[in-house]
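Notes for the one structure printed next.
The values are calculated or read from the model by the stated rules, or taken from the named source; none is laboratory data. Predicted model, so just to flag it, every value in this text is computed and none were measured. Neighbour counts are summed over all protein chains in view; Cβ atoms, including those assigned to glycine, are modelled from backbone coordinates with ideal geometry.
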Amino acid sequence: MDGPVGPLTGPMAPTPTPARSTHMPTSPAIEALGLVKRYGDKVALGGVDLAVPKGTVTAVLGPNGAGKTTAVRILSTLSEADEGSATVAGFDVATHPTEVRRRIGLAAQDATVDPLLTGHENLVMIGELHQLPRREAKVRSTELLGQFTLSDARDKLAGAYSGGMRRRLDLAATLVARPEVLFLDEPTTGLDPRARSELWTVLETLVDSGVTILLTTQYLEEADRLADDIVVVDHGSVIARGDARQLKRQVGGDNIGVTIPDLSRLDEVAAIVGRVTGCDPITDRAARTVTAPTSGGVAGLADVANALAAEGHEVEDLSLRQPTLDEVFLTLTGSAMTADDDLADPVPQEVAR
Ligand SMILES: Nc1ncnc2c1ncn2[C@@H]1O[C@H](COP(=O)(O)OP(=O)(O)OP(=O)(O)O)[C@@H](O)[C@H]1O
Ligand SMILES: [Mg+2]
C-alpha cells in the first residue's frame, strides 16, 4: 500500500477502541512484533520487535542499509510487512491503516515539502489536506513557523531554504495535524553541527509536549541525547536495546583515564594503572594519557589515584568515563558505525581498548 500519510478520509469519526487497550491503559504507542520484510532474496527486516511507551522517544540506530527506513515505512502504513504485526496509537497498521494515518506524522528521509511553495504556503496546503478550514490552516502555519524559528522565512520559497531550515519545515509539516505519534527518519542527516543541535532543541520541546517519537539515526550522539530507549539494528535485526547507560554497560564497565604532565613517565604510570586495574592499559603518547577499563567505578578510580600518589606521580587529569556509544556499536557488531554495509564484518569481536 502506498500513498501519502494523513487523514485523507475525512474528519475523525468515532472509532472502536481495540479491546486490549481497555485492559492495558498503558499499552505502548508503537508496538511491533516479529516484523519481517523481504525484497526478493534480500531480507531487509529479519523479525524486529519494538515497544515505544506513550510520550517517550525511541531511537532506531543503525548504519546504512540496516533496515531503519523499512521499519518506519511499515509502521507508518506506507509498506506492508511480509510477516509479523504492528500497532500504532492502538490500531493495527495492516488492518486499520486509515486510523493509524490520522494519528501519526511522518518526516521521511528525503524532504517532502514542495520547493516551489513558500514555507507558509506549504504548511497551509498541508493543513487543508488535513481538512482544516483555510483560516485555521493559516493560523496553524503561523504558529508552527514561529515554533520552528522560520517566521522570517515564511514567504521565501522552500527550495531556497538551507538544509537545516528545510528539515525544520519538514518537521513543522508533520505537526500540522497535531499527531500523537511522530516518525522521523534520520531527521538530522546532512545537517551541519549547529543546525543539528538546533533541531535537537526543537525535538526536545516536542517531546515535552507529550508526543511519542520514533526516530532513526546513524548518530550515536543523537540517540544518546534524545532517546529514552535505543534499539540498535544491523542487517535487519535488533542486536541490542536499552537506554544509553545500559548499552554502554554492555561493553563492560567504565574507562579510567590518567593524563600526566611529564611524557617521560608515561610508561611507569601505565604500569601502575595496569597493576591496579588488572587490565592492559592503552597509552596515547600525543595526549600523554593512559586509559584502562575498570569495573570498580569510583573506588577503582580512587585506587588508581592512591597508587599514583604513593609513587609520587603528578597527574594533570584523572577521569572515569563510560564508553561512548560508538565503542558500544563496535563491540556489538565488530564494525564501526560508519562502516559501509557491505564491508561490515558481522562477527562480534571484543572492542579494542
Ligand atoms: N524497495 C526496495 N527494493 C529492494 N531492496 C530494498 C528496497 N528498500 C530497501 N531495500 C534494501 O533493504 C535493506 C534495508 O534498507 P533500508 O532503506 O531500510 O535501510 P536504512 O537503515 O534505512 O538505510 P539508510 O541509513 O541508508 O537510510 C537494504 O539492503 C536495502 O538495499
Ligand atoms: Mg533509511
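Just a few scattered comments:
- Selection status of L132, at negative phi and in contact with a Leu (Cβ under 8 Å, 6 or more places away or on another chain): no
- The strands (runs of 3 or more DSSP E) found wholly in the range 49-139 and carrying at least 2 residues that are in the same structural domain as T189 (by TED's automatic domain parsing) and in contact with a Phe, Trp or Tyr (Cβ under 7 Å, 6 or more places away or on another chain) occupy 104-107.
- Among residues of the range 28-42 being touching a residue at least 12 places away in the same chain (Cβ under 8 Å) and within 16 Å of ligand 2 (Cβ to nearest atom), the one that is nearest to V93 (Cα to Cα) is L35.
- Note on the range 140-150: residues that are assigned to a helix (DSSP H, G or I) and among the aliphatic types (A, V, I, L, M) amount to 2.
- Within the set G190, G242, G210, G274, the sole residue that is closer than 30 Å to T149 by Cα and without any contact (Cβ under 8 Å) to a residue 40 or more places away in the chain turns out to be G190.
- Extreme residue, surrounded by the fewest Cβ atoms within 10 Å (Cβ to Cβ), among residues of the range 177-190 that are within 16 Å of ligand 2 (Cβ to nearest atom) and assigned to a loop (DSSP other than H, G, I, E, B): G190
- Contact map, the range 52-69: first residue over 13 Å from E204 (Cα atoms), second residue more than 10 Å from ligand 1 (Cβ to nearest atom) and assigned to a helix (DSSP H, G or I), Cβ cut-off under 6 Å, separation 6 or more or different chains; pairs are A59/A223; L61/A223.
- Enumeration of residues in the range 163-195 that are basic (K, R) and in contact with a Phe, Trp or Tyr (Cβ under 8 Å, 6 or more places away or on another chain): R168
- Just one residue in the set V176, V124 is touching a helix residue (DSSP H, G or I) at 6+ places or on another chain (Cβ under 8 Å), modelled with pLDDT of 95 or more and either within 16 Å of ligand 1 (Cβ to nearest atom) or not acidic (D, E) (or both); that residue is V124.
- Residue list for the range 151-176, filter: of a type in the set (A, V, I, L, M), outside any helix (DSSP H, G or I) and surrounded by fewer than 22 Cβ atoms within 10 Å (Cβ to Cβ): L157
For every residue, the table says whether it meets (1) surrounded by fewer than 22 Cβ atoms within 10 Å (Cβ to Cβ); (2) within 16 Å of ligand 2 (Cβ to nearest atom).
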residue: V52; (1), (2): no, no
residue: A71; (1), (2): no, yes
residue: I74; (1), (2): no, yes
residue: E99; (1), (2): no, no
residue: D110; (1), (2): yes, yes
residue: E128; (1), (2): yes, no
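- Annotation: of all residues in the range 78-93 being touching a residue at least 60 places away in the same chain (Cβ under 8 Å) and farther than 14 Å from D185 by Cβ, the one that is farthest from ligand 1 (Cβ to nearest atom) is G90.
- Where E327 falls short, out of the listed (1) crowded, with 17+ Cβ neighbours inside 10 Å; (2) of a type in the set (D, E); (3) outside any helix (DSSP H, G or I): (3)
- Residues satisfying the stated conditions in the range 56-71, i.e. near ligand 1 (Cβ under 6 Å from one of its atoms) and of a type in the set (S, T, Y): T69, T70
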